[in-house]
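The values are calculated or read from the model by the stated rules, or taken from the named source; none is laboratory data. The shown structure was predicted, so the numbers you read here are calculated from the model rather than taken from an experiment. We place every Cβ from the backbone using ideal geometry, glycine too, and count neighbours over all the protein chains shown.
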Amino acid sequence: MSFDIIRMLPTPEEIASEIPLTKELNELKAKKDKEIVDIITGVSNKFLLIIGPCSADNEDSVCDYINRLAKVQEKVSDKIFIVPRIYTNKPRTNGLGYKGMLHQPDPAEDENILSGIKQIRNMHIRVMRESHLTGADEMLYPENYEYAKDLVSYHAVGARSTENQQHRLVASGIDIAVGMKNPMCGDISVMLNSIKAAQSSHTFIYNREETLTSGNPLAHGILRGAVDHYGRNISNYHYEDVLDTAQKYIETGLLNPTLIIDTNHSNSGKKYFEQPRIAMEIIKKRKYSDILKNMVKGLMIESYIEEGTQKVSDGVYGKSITDPCLGWVDTEKLIMKMAEKL
């Protein structure tokens with residue numbers, strides 16, 4: 001039982017200096033960040049769509065997928081604002097298995113975090129340069145935020161992390177939108193408390209410095225379903241569930257009340273093919289309530305080039321090696337149908 005130092009990592013500043021953003025890409029990111037801010041604050045009535053692979057496991061296939069998204073974005077730009085999922089850190093239920101590109105730049109090879117950090121930056125920059133889109137990532141490790149803070153336009157705090165104090169405090173200092181998921185148990189009060197913490201100012205230790213944050217008014221909620229004490233999935237995307245959550249949300253007095261609905265995970269029971277049905281149900285039900293129309297501002301969807309999932313050794317291009325995803329053909333149809341109904 002010990003901690004063995006493999007290597008000292010470069011500082012975030014050193015990595016950013018080695019793999020920098022151009023002025024043009026910095027301006028692109030600022031523009032995309034502002035568009036998300038406008039949606040969260042109600043200035044824009046566009047619908048936010050955070051969509052992409054469960055995990056970003058291969059740079060070429062991820063960029064291929066996002067370039068396809070970019071073409072669809074042009075067709076639906078008046079209704080939908082797309083933020084591709086570029087999830088480079090993957091939480092594992094039992095701590096084992098593929099933990100994302102940060103750990104394994106090549107899923108078939110050994111872990112190498114230094115190479116992972118560099119590959120993540122290169123991939124994000126390539127995505128921005130080729131597609132003119134900027135991505136979303138999960139803030140699985142709060143200390144890693146510094147290595148990609150100039151690249152990511154949306155952060156999600158996962159169901160296993162939303163009760164964690166460090167995630168909440170770091171979220172309070174981030175200057176972009178941060179979605180706080182409901183916890184695995186489904187307790188909405190935990191999610192609301194997490195949002196309140198993220199919207200508040202805090203003093204704490206971060207990167208060996210005593211840090212003061214301003215609070216993040218863009219912190220908001222994500223409903224992803226729950227798991228009961230028997231391990232059964234419980235959805236929370238239905239009309240009554242979302243309306244009850246929205247009313248409790250409003251009662252807290254939190255800033256910019258916003259809900260994003262995750263169509264996969266426990267909401268679909270990880271049945272990826274249910275995501276189009278769930279997405280369209282949510283869009284339809286928004287029309288029955290002004291509260292939901294104003295508060296449900298987007299969806300999260302897990303999607304890739306090929307549908308389903310595979311083992312790393314299978315080697316199918318553009319197919320998830322973690323949770324199963326919707327395939328591209330159904331994804332494109334769904335986005336077009338969403339734009340038609342919004």
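Do we have any residue at all in the stretch 161-174 that's among the aliphatic types (A, V, I, L, M), under 19 Å from Ala56 (Cα atoms) and modelled with pLDDT of 95 or more? No, every residue in the stretch 161-174 fails to be among the aliphatic types (A, V, I, L, M), under 19 Å from Ala56 (Cα atoms) and modelled with pLDDT of 95 or more.
Among the residues of the stretch 186-202, those that are within 19 Å of Glu143 (Cβ to Cβ) and buried (at least 20 other Cβ atoms within 10 Å of the Cβ) comprise Ser194, Ala197, Ala198.
Of all the criteria given as (1) in contact with a helix residue (DSSP H, G or I) (Cβ under 8 Å, 6 or more places away or on another chain); (2) modelled with pLDDT of 95 or more; (3) surrounded by fewer than 19 Cβ atoms within 10 Å (Cβ to Cβ), the one not satisfied by Ser214 is (1). Here Ser194 meets each of (1) in a helix (DSSP H, G or I); (2) more than 16 Å from Thr245 (Cα to Cα); (3) among the hydroxyl-bearing types (Ser, Thr, Tyr); (4) free of Cβ contacts under 8 Å to residues at least 40 places away in the same chain with one exception, condition (2). List every residue pair whose Cβ atoms lie under 7 Å apart, where the two residues are 6 or more positions apart in sequence or sit on different chains, the first residue falls within the stretch 247-263 and is among the basic types (Lys, Arg), and the second residue, located anywhere, is modelled with pLDDT of 95 or more and surrounded by 17 or more Cβ atoms within 10 Å (Cβ to Cβ). What qualifies is Lys248/Ile188; Lys248/Leu192.
Being of a type in the set (D, E, K, R) and within 11 Å of Val76 (Cβ to Cβ) is the filter; apply it to the stretch 333-342 and report the residue that is surrounded by the most Cβ atoms within 10 Å (Cβ to Cβ). Within the stretch 333-342, the match that is surrounded by the most Cβ atoms within 10 Å (Cβ to Cβ) is Lys337.
Of the residues Lys79, Lys118, Lys90, the single one that is in contact (Cβ under 8 Å) with a residue 60 or more places away in the chain, more than 26 Å from Asp262 (Cβ to Cβ) and of a type in the set (D, E, K, R) is Lys118. Would you pick out the residues in the stretch 10-35 that are touching a residue at least 60 places away in the same chain (Cβ under 8 Å) and part of a helix (DSSP H, G or I)? Hits for the stretch 10-35 are Pro12, Ile15, Ala16, Glu18, Leu25, Asn26, Leu28, Lys29, Lys32, Asp33.
Sub-7 Å Cβ pairs linking a first residue in the stretch 197-214 that is closer than 10 Å to Ala171 by Cβ to a second residue that is basic (Lys, Arg) and surrounded by 11 or more Cβ atoms within 10 Å (Cβ to Cβ), at least 6 apart or interchain, are Ala197/Arg168; Ala198/Arg168, ordered by first then second residue. Residues of the stretch 74-107 that are among the aromatic types (Phe, Trp, Tyr) and touching a Cys at 6+ places or on another chain (Cβ under 8 Å): Tyr87 alone.
Would it be correct to say that Gly52 is touching a residue at least 24 places away in the same chain (Cβ under 8 Å), among the small types (Gly, Ala, Ser) and in contact with a strand residue (DSSP E or B) (Cβ under 6 Å, 6 or more places away or on another chain)? Against the criterion (touching a residue at least 24 places away in the same chain (Cβ under 8 Å), among the small types (Gly, Ala, Ser) and in contact with a strand residue (DSSP E or B) (Cβ under 6 Å, 6 or more places away or on another chain)), Gly52 qualifies.
If you filter the stretch 169-185 down to residues that are among the small types (Gly, Ala, Ser) and in contact with a Ser or Thr (Cβ under 6 Å, 6 or more places away or on another chain), you find that the one that is surrounded by the most Cβ atoms within 10 Å (Cβ to Cβ) is Ser172.
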